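Remarks on the structure that follows.
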Amino acid sequence: MTGARLRSGQLADAAGVNQQTLRYYERRGLLDAPQRSPGGHRLYPAETVTLLRVIKTAQRLGFTLDEVGDLLDAGRHQHRGRSDTGLQARAREKLVEIEQRLADLTVIRDTLRDAISAGCDDLVACAGNTCCPLPFAELAEQRQGGEPHRR
């Protein structure tokens, strides 16, 4: 393969990551091991900038590095018709996960707003007050393995 090659510092700067990230991604199998210059410098194909940006974008969308690796593998084997592991299927799964986290965060937000409105100022005093909007009893049940109560 011929073409422009970037040293690790150049690649890291162009992709907005640090050089340790490059080595970490290599160990994880997300990046191929680079060629070496006669002086021992790591030399990456210029296309690696795009690959790094794809990885970072996928992470910002909520995908773990393991999931990113699976997506990259699925993309490389797309011609084999494995649609169950491709981006569409994974994006649907991730969307369900994100929507559940948003629902959980909405409950947390609303509960904190209620606590502020109720004037809760002391966690111990609030825990003993039946009018406290904080779900102390529900949280205790969750820790003991019980099902949480939904309001």
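Read-outs throughout are calculated quantities, based only on the coordinates presented, and are distinct from any laboratory measurement. Nothing here was measured: the structure is a model prediction, and the numbers come from that model.
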- Query: Along its principal axes, what span do the Cα atoms of segment 1-60 show, with the longest given first and each in whole Å?
  - Reply: 37, 21, 19
- Using alpha-carbon positions, the gyration tensor of segment 54-133 gives root eigenvalues a ≥ b ≥ c; with a/c under 1.5 called rounded, otherwise prolate if a/b exceeds b/c, else oblate, the class is prolate
